[in-house]
C-alpha cells in the first residue's frame, strides 16, 4: 500500500466509529410506542388524524388511521411514540382544511397546533378543537380504543 493511500484506507475503516454529534438521542426521551383504533358508532373511522397533546407544553404526537381505523403515533417524522403522561386527545378528518395548523418545522419539534375546523370536518368539534378528552399514557397503557359517538 502506498503512503498516500494509507491515510485514506484508515479513514474508511474509522468512519463507522464516528457518529453525528447533532443527531438527536431519542433513547433518552423514554418514548412509548402508542397505538389504537378509532371508531364512531362502532364502525372504524379511516383517514382521521389522531393527536395526543401534552396539556402543559402543547407538544404532541400524531397518527393517521388506516382503512380499519388503526393508528400508531409518531413523535416526529423520524420516530414513533409519545412521551408518557396525561394527554389531550384530538381527532379530526385527515383531509379537512384547518387554520393554525403546525408547519413542518413545528411538527418536527413537536410544537402545538391549533385545530380549527372548516365545513369539510366530519368529526364533531367535541373531539377536536373543543376536546376535553384526556388519557394517561404509561408503560402499562399504550393501546387506546377510541370510541366516538355522533353528535346531532
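Among the residues of segment 136-147, those that are surrounded by fewer than 16 Cβ atoms within 10 Å (Cβ to Cβ), within 25 Å of residue 46 (Cβ to Cβ) and touching a residue at least 60 places away in the same chain (Cβ under 8 Å) comprise 143, 145, 147. On inspection, residue 101 does not qualify as out of contact with any strand residue (DSSP E or B) (no Cβ under 7 Å at 6 or more places or on another chain), surrounded by 10 or more Cβ atoms within 10 Å (Cβ to Cβ), modelled with pLDDT under 95 and outside any loop (DSSP other than H, G, I, E, B). Can you spot a residue in segment 69-77 that is at pLDDT below 95, surrounded by 15 or more Cβ atoms within 10 Å (Cβ to Cβ), more than 13 Å from the chain's Cα centre (by Cα) and within 29 Å of residue 26 (Cβ to Cβ)? No; the residues of segment 69-77 include none that is at pLDDT below 95, surrounded by 15 or more Cβ atoms within 10 Å (Cβ to Cβ), more than 13 Å from the chain's Cα centre (by Cα) and within 29 Å of residue 26 (Cβ to Cβ).
Taking the numbered list (1) closer than 18 Å to residue 77 by Cβ; (2) modelled with pLDDT of 80 or more in turn, residue 44 passes all entries but (1).
The values are calculated or read from the model by the stated rules, or taken from the named source; none is laboratory data. What you see is a predicted model; the values in this text were computed from it and never measured. Cβ sites come from the backbone with ideal geometry, for glycine too, and all protein chains shown count toward neighbours.
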